[in-house]
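Structure first, commentary second.
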Amino acid sequence: MRTIRTIPELREHLQMERSAQRTIGLVPTMGAFHAGHVSLMERARQTTDVVVVSLFVNPTQFGPSEDLAAYPRDEQRDAAMAAKAGVDVLFGPPVEEIYPAGFQTTVTVGALAEPLEGTQRPGHFDGVATVVAKLLNIVQPEVAFFGQKDAQQALIVRRVVRDLDIPARIEVCPTVREPDGLAMSSRNAYLEPAERERAVALRRALDAAEQAVAAGERDAGAVATAAHAAMAPYGVEPEYLALVDAESLAPVDHIDGEILVALAARVGHARLIDNTLITANQTNGRP
Ligand code: AMP
């Protein structure tokens, strides 16, 4: 695996690969790798000839009171994990390479960026959309891989690619979880042992929502009530817990077709998010 720090060096390397007729896959990340990241790298390895992983803690997607400075960073460990997963190029630029002096252009996302995370993290998705558009332009991959864990981000990335005519296919990969159901996240590192036990509340809420719909409940309010009740014993209060249309993210009252149940909650110092897709008349395939 090669580690590359600058855009010209990366472009030159990938130009060589492209002229040898090799297809390129991109996995954008902020590092602090876990099995969720590795699953995206492995999927890219199966799908494309040259796997590029970007490792960039993007300052523009963090709000002023968020965890940019504290965000876990361990590039040596990340590089070893990426190499083991068969990654060809680790692109780890310094901040000035992505945002040089004079930088002043931003991708602004419309309605999809407003609900859910958008209400809690103003400006977050403009930061995400801008850096993803830049990375797609820099790497020009055939396919870029994202996680369903960040469901709203995945929808927004698909929207940006369509709206800006970026010639990449976006593949969204399933959420990888700990054995007790907690979605893997770099932010799980913030959890103290007692908090780690309570963090399973998010998955339990989603389980309860899935079970309610599987049992025939179609009223979104009733499903949300069941999900809230499942979290309560853990002493975890959601920042939001929403049943929304899986494509538009508009709130739904009645469950018909595919919906997304999305939630966020603070557990100790960690702000955690999770979600599940539910299709009325069947659950999402979980055993
Ligand atoms: P991050 O480094 O947190 O920005 O995440 C980089 C990519 O990994 C994003 O596309 C995330 O959606 C994805 N990802 C994060 N956690 C998981 C997970 N538990 N399962 C699958 N993908 C994930």
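Observations
- Unmet requirement for residue 100, which otherwise passes all of (1) outside any helix (DSSP H, G or I); (2) in contact (Cβ under 8 Å) with a residue 40 or more places away in the chain; (3) farther than 23 Å from residue 246 by Cα: (2)
- So residue 247, is it in a loop (DSSP other than H, G, I, E, B) and either farther than 16 Å from residue 149 by Cα or touching a residue at least 60 places away in the same chain (Cβ under 8 Å) (or both): yes
- Meets criteria (within 14 Å of the ligand (Cβ to nearest atom) and under 22 Å from residue 272 (Cα atoms)) for residue 174: yes
- Odd one out for residue 92 among (1) open to solvent by 20 Å² or more (accessible area, probe 1.4 Å); (2) within 28 Å of residue 271 (Cβ to Cβ); (3) of a type outside the set (Phe, Trp, Tyr): (1)
- Some residue of the stretch 229-242 being in contact with a Gly (Cβ under 9 Å, 6 or more places away or on another chain), among the charged types (D, E, K, R), open to solvent by 30 Å² or more (accessible area, probe 1.4 Å) and modelled with pLDDT of 95 or more: no
- Residue in the stretch 10-22 that is open to solvent by less than 20 Å² (accessible area, probe 1.4 Å), assigned to a loop (DSSP other than H, G, I, E, B) and in contact with a Pro (Cβ under 9 Å, 6 or more places away or on another chain) present: no
- Of the numbered criteria (1) modelled with pLDDT of 95 or more; (2) buried (at least 16 other Cβ atoms within 10 Å of the Cβ); (3) under 23 Å from residue 182 (Cβ atoms), the one residue 283 fails is (1).
- If the condition is being within 11 Å of the ligand (Cβ to nearest atom) and β-branched (Val, Ile, Thr), then the stretch 27-50 contributes 27, 29, 38.
- Filtered residues of the stretch 250-263 (kept if in a strand (DSSP E or B) and in contact with a Lys or Arg (Cβ under 8 Å, 6 or more places away or on another chain)): 254
- Of all residues making up the stretch 143-171, the number that are more than 9 Å from the ligand (Cβ to nearest atom) and polar (S, T, N, Q): 1
The values are calculated or read from the model by the stated rules, or taken from the named source; none is laboratory data. This is a predicted model, so every value here is computed, not measured. Positions of Cβ are generated from backbone atoms using ideal geometry, with glycine treated the same way; all protein chains shown enter the neighbour counts. With ligands, DNA and RNA removed, areas are computed over all heavy atoms of the protein, side chains included. Shrake-Rupley method; radii C 1.70, N 1.55, O 1.52, S 1.80 Å.
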